[in-house]
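Okay, structure first, notes after.
The values are calculated or read from the model by the stated rules, or taken from the named source; none is laboratory data. The structure presented is a predicted model; accordingly, all values stated were derived computationally and were not measured. Reconstructed Cβ throughout: ideal geometry from the backbone, glycine too, with neighbour counts over all protein chains shown. Protein only, heavy atoms only, side chains kept; ligands, DNA and RNA dropped before computing areas. Shrake-Rupley method; radii C 1.70, N 1.55, O 1.52, S 1.80 Å.
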Amino acid sequence: MAVYELKNRLVVGIASSALFNLAEADAVFRDQGEEAYRAYQEEHLDDTLDKGVAFPFIRRLLSLNDLSPDDPLVEVIILSRNDPDTGLRVMRSIQSHELPISRAIFMQGRSPYHFMPALNMSLFLSANEDDVREAVALGLPAGRVLGPAVADEGDDQDLRIAFDFDGVLADDASEQVYQAGGIEDFRFHESANAATPHDPGPLRDFLAGVNRLQLREVEQRAQDADYKIRVHVSLVTARNAPAHERPVRSLKEWGVAVNDAFFLGGIDKSTIMEVLKPHIFFDDQVGHLAGTARSTPSVHIPFGKINEPDHPATEQAQR
């Protein structure tokens, strides 16, 4: 068999807990233990799992492989704490939902996020907070899915992705200025450094991969005037003027781009999400996501000082 190269593809790792609704099976594991869980999964092997928080995002992302059927642009790989036996139900559910996912890593009781660099992954999604925090602590791009699953509208083929900026696309250096000195120090600092690009954050490379898909769409549109662009990327940040300029310049310096930008200056992000309707939204602050997760598939990126265990924002979120 020829070697299947991953280096030129957008590779996403996903835990079964993010792709499917595992609430019932997880309750069995917590209440009755591993052996009962194994028996439950065996008994329900042919019962297709319901769609989870990240399902609409993953389905649409994979659908973009129709732009290059013989050389897929996107690869999604299951990274699971299940053992191979209990993982059979996950793989059968994938087949039942007609998702083109054929590769998986099952590690009994252990997280496989350590394999992300070897698999060229620019994103790992899971509902397991410990796994995600450990991955991010190692410098890996991981996020925890939040909120209930939302309807996956079959007639809507667009893929809408929304990103916060600080602590997500960029590092959290400016956020630390805000936390230490308040809004006026933050605005002065950002104005003074408007021409200095931020250091990239955990999801900059994922955005770069999404941009490559968008470029392929543009090429397809040039060949076929009837082709409808599907991927739309938005920046949704609590920043406003004069702190808006540095993110725009940073994105340009990094060689990445967004289609739309929302500089909200403290306006509740959930009000924007209800109109924008992204299929996934990434933010580093649980406080912001508490509102968005009610209607939007939301992902917490536990990156930076504000997400350290002893930070007041983290302690409040855990209460």
LEU61, sole failed condition from (1) over 12 Å from the mean Cα position of the chain (by Cα); (2) open to solvent by less than 10 Å² (accessible area, probe 1.4 Å); (3) among the aliphatic types (A, V, I, L, M)
(1)
Which number in (1) open to solvent by 50 Å² or more (accessible area, probe 1.4 Å); (2) touching a Pro at 6+ places or on another chain (Cβ under 8 Å); (3) not acidic (Asp, Glu) marks the one condition that GLN223 misses?
(2)
Within region 236-255, the residues that are within 15 Å of PHE186 (Cβ to Cβ) and either at pLDDT below 95 or surrounded by fewer than 20 Cβ atoms within 10 Å (Cβ to Cβ) (or both) are ALA238, ARG239, ASN240, ALA241, PRO242, ALA243, HIS244, GLU245
Of the conditions (1) hydrophobic (A, V, I, L, M, F, W, C); (2) modelled with pLDDT of 90 or more; (3) within 30 Å of SER63 (Cα to Cα), VAL177 satisfies every one except a single condition; which number is it?
(3)
If you go through region 108-118 one residue at a time, how many are surrounded by fewer than 17 Cβ atoms within 10 Å (Cβ to Cβ) and touching a strand residue (DSSP E or B) at 6+ places or on another chain (Cβ under 9 Å)?
1
Could you run through region 198-213 and say how many residues are touching a Leu at 6+ places or on another chain (Cβ under 7 Å), open to solvent by 10 Å² or more (accessible area, probe 1.4 Å) and without any contact (Cβ under 8 Å) to a residue 60 or more places away in the chain?
1
Residue that is surrounded by the most Cβ atoms within 10 Å (Cβ to Cβ) [pool: residues in region 1-27 that are closer than 16 Å to PRO72 by Cβ and of a type outside the set (A, V, I, L, M)]
GLY13
Out of LEU61, LEU119, LEU99, LEU49, report the one residue that is aliphatic (A, V, I, L, M), under 30 Å from GLN214 (Cα atoms), at pLDDT 90 or above and in contact with a helix residue (DSSP H, G or I) (Cβ under 7 Å, 6 or more places away or on another chain).
LEU99
Under 6 Å by Cβ, and 6 or more places apart or on different chains, what pairs join a residue from region 24-47 that is under 19 Å from ASN128 (Cα atoms) with one that is loosely packed, with under 13 Cβ neighbours inside 10 Å and not hydroxyl-bearing (Ser, Thr, Tyr)?
VAL28/ALA36
Quick check, is ASN193 of a type in the set (S, T, N, Q), within 25 Å of the chain's Cα centre (by Cα) and open to solvent by 40 Å² or more (accessible area, probe 1.4 Å)?
no
Note on region 289-307: residues in a helix (DSSP H, G or I) and either over 23 Å from ASP158 (Cα atoms) or open to solvent by 50 Å² or more (accessible area, probe 1.4 Å) (or both) are ALA290, GLY291, LYS305, ILE306, ASN307
If you take just the helices (runs of 4 or more DSSP H) that sit entirely in region 5-93, which of them hold at least 3 residues that are among the charged types (D, E, K, R)?
23-32, 34-43
Candidate set from region 221-240 (those that are of a type in the set (A, V, I, L, M, F, W, C) and closer than 28 Å to ASP268 by Cβ); member that is farthest from the chain's Cα centre (by Cα):
ALA238
Is at least one residue of region 152-169 closer than 14 Å to SER16 by Cβ and touching a strand residue (DSSP E or B) at 6+ places or on another chain (Cβ under 9 Å)?
no
Mind checking which residues of region 94-103 are farther than 15 Å from THR48 by Cα and either assigned to a loop (DSSP other than H, G, I, E, B) or of a type in the set (Gly, Ala, Ser) (or both)?
PRO100, ILE101, SER102
Looking for whichever is surrounded by 21 or more Cβ atoms within 10 Å (Cβ to Cβ), in contact (Cβ under 8 Å) with a residue 40 or more places away in the chain and not aliphatic (A, V, I, L, M) here; the options are ARG160, ARG216. Which one fits?
ARG160
Can you tell me how many residues in region 256-288 are under 30 Å from LEU215 (Cβ atoms), open to solvent by less than 50 Å² (accessible area, probe 1.4 Å), assigned to a helix (DSSP H, G or I) and of a type in the set (A, V, I, L, M, F, W, C)?
3
